[in-house]
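The values are calculated or read from the model by the stated rules, or taken from the named source; none is laboratory data. Just so we're clear, the structure is a prediction, and the values are computed from it rather than from any experiment. As a convention, Cβ positions derive from the backbone with ideal geometry for all residues, glycine included, and neighbour counts pool all protein chains shown. Ligands, DNA and RNA are excluded from the accessible area calculation, which covers all protein heavy atoms including side chains. Shrake-Rupley method; radii C 1.70, N 1.55, O 1.52, S 1.80 Å.
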Amino acid sequence: MTRSIGAVSHGILDYALAIILAIGPSVAGFRGSRQERLCYIFAAVLFVLALLTQMKFVRLPVHGAIELVLAILLILLPWIANFSRGVNSRNFYVAVGILMIVLWALTDFRGRRGVPVADRGAGPGGGGP
């Protein structure tokens, strides 16, 4: 699979996902519930993670690992936390979790994008003579 999204584009998409998580309860119709509060927590965590990564406090591969765990948690949370207020919150959480996994799968967390295939296994000096 081609990892075609770079760090800058991924960061922009992370901020967009944080906004989606923040406005999701209003749009999807599950305001005033535990699901809404959890959504705001996920939005804040994703926003802070993106900010810390942008400020170089968190390295991009670590960011990717944390984001994958968050995505899996988003998908499983409706069943773990027993969301009882209908399918809107469940579907929202699962959709955002799947979207995050797709973003994770398409992102080049190791900075290998644009490096010729022959040089990917080489060390810092490159693989050529």
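Just give me the residues in the stretch 110-129 being open to solvent by less than 70 Å² (accessible area, probe 1.4 Å), modelled with pLDDT under 60 and part of a loop (DSSP other than H, G, I, E, B), in sequence order.
If the condition is that a residue be open to solvent by less than 70 Å² (accessible area, probe 1.4 Å), modelled with pLDDT under 60 and part of a loop (DSSP other than H, G, I, E, B), then 115, 122, 123, 126, 127, 128 are the ones that fit.
Where the second residue is among the β-branched types (Val, Ile, Thr) and modelled with pLDDT under 95 and the first is open to solvent by less than 10 Å² (accessible area, probe 1.4 Å) and lies in the stretch 95-109, which pairs have Cβ atoms under 7 Å and are six or more apart or on separate chains?
Once the first residue is open to solvent by less than 10 Å² (accessible area, probe 1.4 Å) and sits in the stretch 95-109, its partners that are among the β-branched types (Val, Ile, Thr) and modelled with pLDDT under 95 give 107/5.
Please list, ordered by first then second residue, the pairs with beta carbon atoms under 6 Å, 6 or more apart or interchain, first in the stretch 62-78 and free of Cβ contacts under 8 Å to residues at least 60 places away in the same chain, second outside any helix (DSSP H, G or I) and buried (at least 19 other Cβ atoms within 10 Å of the Cβ).
64/109
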